[in-house]
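Presented below is the structure to which this report refers.
The values are calculated or read from the model by the stated rules, or taken from the named source; none is laboratory data. Everything quoted here is computed from the prediction, not taken from an experiment. Here the Cβ is made from the backbone with ideal geometry for all residues, glycine too, and neighbour counts use every protein chain on show.
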Amino acid sequence: MGGSQWRAERETQGDSGVSKPDDILIVGQGLAGTCLAWRLWDRGVKFRIAEKGGRRGSSIVAAGMMSPVTGRAMNPTWQVDRYLPEAMRFYQTIEKIVGENFLHEVPVLRLFSSEKERGKFEDRKGKLEQWTAEVLDRVGGGVHGEFGGVVWKGAGWLKTQRFLSASKGYFREHGLYEGREVSAEEFMVRKGTTILCKGAAGLGKGAFGYLPERRAKGEILTVKVPGLAEDRILSRNGWMIPRGGGLFRAGSGYEWNDLTPEPTTAGREKVEEIVRSLTSLDYEVLDHMAGIRPIVRSSQPVIGWHRENENLGIFNGLGSKGVMYAPGVARALTEHLCSGSALSDELDVAGLDVEDEGAA
């Protein structure tokens, strides 16, 4: 069912998808590698995924939120009109294929922190009209909403770990998954196409170590808030995502200096501040995780080819919005691989400023 849906989309775009590349090795099975695998699978392209496993990359600990409007300035997310609807359709298709549910379409309640911030929204609401479901004067029920808020429609969140796990099971069952480490020596001399989808582990060193990057650590808490019946995602200088049964995932923020994968006391305190800013109710912390976000060019992902090895590609830089961007960018890379379509300047890694030619 899913394959026919994607094929219909390609026919609409004028892409027959007849051409097929050589055997492709995908290194890494986070969001980038998994979405690319599904796109190649749909094309009937021969591929394998290699992932050692055991690492806690950002995909594993990602909260999975997708919102059309983000940030304190309440700006539409980059290319949201293109990537958000496609991501929703993509995950719905994979749900049907693997027989699991991991996509939750729920609105975001963006709470105003002051009358001044509410006024900022009023000044911008014309540009945000297509994503605005309603504007609230006040919000109660245990939510700190004395200045009201705005509800963004078209949003949702993904059970990222379940999506990755179900996908791994499917590909393993079909003989397309290898639980092993791929050495740099192997993919640098390999004649077939290799796409590195290693997230933060693939930045700052290795084959693409010459790329500019700024990885960032994020920490997430799972909290139980008895009495908080809110089923919308709460957002204001951080977020709380409802998981059902009074459970919420909470987090936000970027730590640029400490890039260790372990959660920290300071990180927990920051996220607890977010929780207290969003609800007046008592809560209990049940879990605390951390991950390193792969950032190459602001919040924009990158795809393309190594400057010296024409068989070696990259799909990286998904940052904190990878759940929304990964399906569409994976499609763009697949179209490039299968049909030779040009990579857009906004995604092509070749357009980045890089270190001098003597860089490793």
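What the table shows:
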{"item": "Residue in segment 183-191 that is closer than 30 Å to Thr93 by Cβ and under 23 Å from the mean Cα position of the chain (by Cα) present", "result": "no"}
{"item": "Segment 89-131 - residue that is among the charged types (D, E, K, R), under 20 Å from Pro76 (Cβ atoms) and in contact with a Gly (Cβ under 9 Å, 6 or more places away or on another chain) and, of those, surrounded by the fewest Cβ atoms within 10 Å (Cβ to Cβ)", "result": "Glu105"}
{"item": "Odd one out for Leu234, checked against (1) closer than 30 Å to Gln92 by Cβ; (2) in contact with an Asp or Glu (Cβ under 9 Å, 6 or more places away or on another chain)", "result": "(2)"}
{"item": "Condition broken by Arg172, with the remaining ones in (1) of a type in the set (D, E, K, R); (2) touching a Lys or Arg at 6+ places or on another chain (Cβ under 9 Å); (3) under 30 Å from Trp38 (Cβ atoms); (4) not in a loop (DSSP other than H, G, I, E, B) satisfied", "result": "(2)"}
{"item": "Yes/no for Ala87 being assigned by TED's automatic domain parsing to the domain that holds Val182 and modelled with pLDDT of 95 or more", "result": "no"}
{"item": "Residues of segment 123-158 satisfying the condition of being touching a residue at least 12 places away in the same chain (Cβ under 8 Å), small (Gly, Ala, Ser) and either touching a Phe, Trp or Tyr at 6+ places or on another chain (Cβ under 9 Å) or more than 19 Å from Ile274 (Cα to Cα) (or both)", "result": "Ala133, Gly145, Gly148, Gly149, Gly154, Ala155, Gly156"}
{"item": "Neighbours by Cβ (under 9 Å, 6+ apart or cross-chain): first from segment 92-107, part of a strand (DSSP E or B); second of a type in the set (S, T, N, Q)", "result": "Leu103/Gln92"}
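For every residue, the table says whether it meets (1) of a type outside the set (D, E, K, R); (2) assigned by TED's automatic domain parsing to the domain that holds Leu228; (3) touching a helix residue (DSSP H, G or I) at 6+ places or on another chain (Cβ under 8 Å).
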{"position": "Lys116", "(1), (2), (3)": "no, yes, no"}
{"position": "Lys125", "(1), (2), (3)": "no, yes, no"}
{"position": "Leu128", "(1), (2), (3)": "yes, yes, yes"}
{"position": "Val139", "(1), (2), (3)": "yes, yes, no"}
{"position": "His174", "(1), (2), (3)": "yes, no, no"}
{"position": "Ala184", "(1), (2), (3)": "yes, no, no"}
{"position": "Thr194", "(1), (2), (3)": "yes, no, yes"}
{"position": "Gly202", "(1), (2), (3)": "yes, no, no"}
